[in-house]
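First comes the structure, then the notes that go with it.
Every read-out reported here was derived from the displayed coordinates using simple, explicitly stated rules and does not represent laboratory data. In this text, all values refer to a predicted model and were calculated from it rather than measured experimentally. Every residue, glycine as well, gets a Cβ built from its backbone with ideal geometry; the counts of neighbours run over all protein chains shown.
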């Protein structure tokens, strides 16, 4: 879909871009040791960027507000957006810091460790977000993540609310937030560990996710959707307290599933579908993302998502209609 398409809803993503550099190593090196690795891969990442690409693939007019450096890695982002039809009029190039980058080392068991330098992403502040206010004012949905400074994420939610857009905060990676931020969030979409960290608890706190989601609603969030991986998603609103079961798929790689879920959810809401329908569409998009290796290659196309959604309505969700 190109930006010439004027039919889809408008979604603005205030978020992050980083290049992921992945290599496999037989073991982790010790200081001073040089060793040989294999399977080097370099590709675009960053939750904001992934969500901008995914929402564009699903048929929305997607705009990314992000910060890149002036280095060669920045072009990995700009080339991706050109290919995927993401509007980049709000992408800024900054000279002070390098483009965000992550080094990912995998061992033979597939366990990894990651070192991130978020670089130019860290330069985003409330003023940077204000530069996108005109676009936010035209948007059906404004979404943000926590790979950018909290100040920027908070302003994205504030401006979205001011202009009557639906606001989505995907609190990843999680950190405790000032309570004032929650008041401008229509939909908060943590996974189970993020839900706990947001409340200042350990990531494995034993209390039920339903109870903790209720606590976030008491802090001002209108609707909480907790993603539960293979179990599905929990929706908690003034009227609803329900589980949307996951769609069973052959899992290859779960990386990017959260971005795909949030994107499907956002696009469905932007198209005016109700929250249950939107979560179902998100669950389908997350499932599709698990079936392929990598993040960007696994983000679903619209026809594929619609087909799996229709099938799930007849099978997986038939009981819960």
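Semi-axis lengths, largest first, of the ellipsoid equivalent to the range 1-112 are 33, 16, 10 Å, with √(5λ) applied to each eigenvalue of the Cα gyration tensor. Every pair of different Cα atoms in the range 141-269 enters the Kirkwood calculation, which places the hydrodynamic radius at 14.8 Å. Structure remark: mean-square fluctuation, Gaussian network model of the chain, C-alpha springs under 10 Å; the largest value among 126, 52, 156 belongs to 126. Kirkwood radius, the chain, all distinct C-alpha pairs, inverse of mean reciprocal distance: 19.8 Å. Average 1/r across all pairs of distinct alpha carbons in the range 1-64, invert it, and you get the Kirkwood radius: 14.4 Å.
Label point 7 Å out from residue 222 along Cα-to-Cβ: which residues of the range 179-204 have amide N under 19 Å? 179-190, by backbone N distance to the label point.
Between the range 77-155 and the range 32-62, the alpha-carbon centres lie 12 Å apart.
Among 146, 198, 106, the residue with the largest mean-square fluctuation in a Gaussian network model of the chain, with springs joining Cα atoms closer than 10 Å, is 106. Normalised by residue number, the volume inside the convex hull of the Cα atoms of the range 236-288 is 71 Å³ per residue. Spatially, the range 181-253 and the range 275-306 are offset by 18 Å when compared through their Cα centroids.
Take the Kirkwood radius over Cα pairs of the range 193-261, plug it into Stokes-Einstein at 37 °C and 0.692 mPa s, and you get 251 µm²/s for translational diffusion. Rg and Dmax of the range 225-317, both derived from C-alpha coordinates alone, stand at 12.1, 38 Å. Working from label points 7 Å from Cα in the Cα-to-Cβ sense, the residue 41 to residue 83 distance is 1.4 nm.
Build a GNM of the chain with springs between Cα atoms under 10 Å apart, and of 201, 40, 103 the one that fluctuates most is 40. If you average the sequence gap of Cα pairs under 8 Å that are 6 or more apart and divide by the length of the chain, what percent do you get for the contact order? Once divided by the residue count of the chain, the mean separation gives 15 percent.
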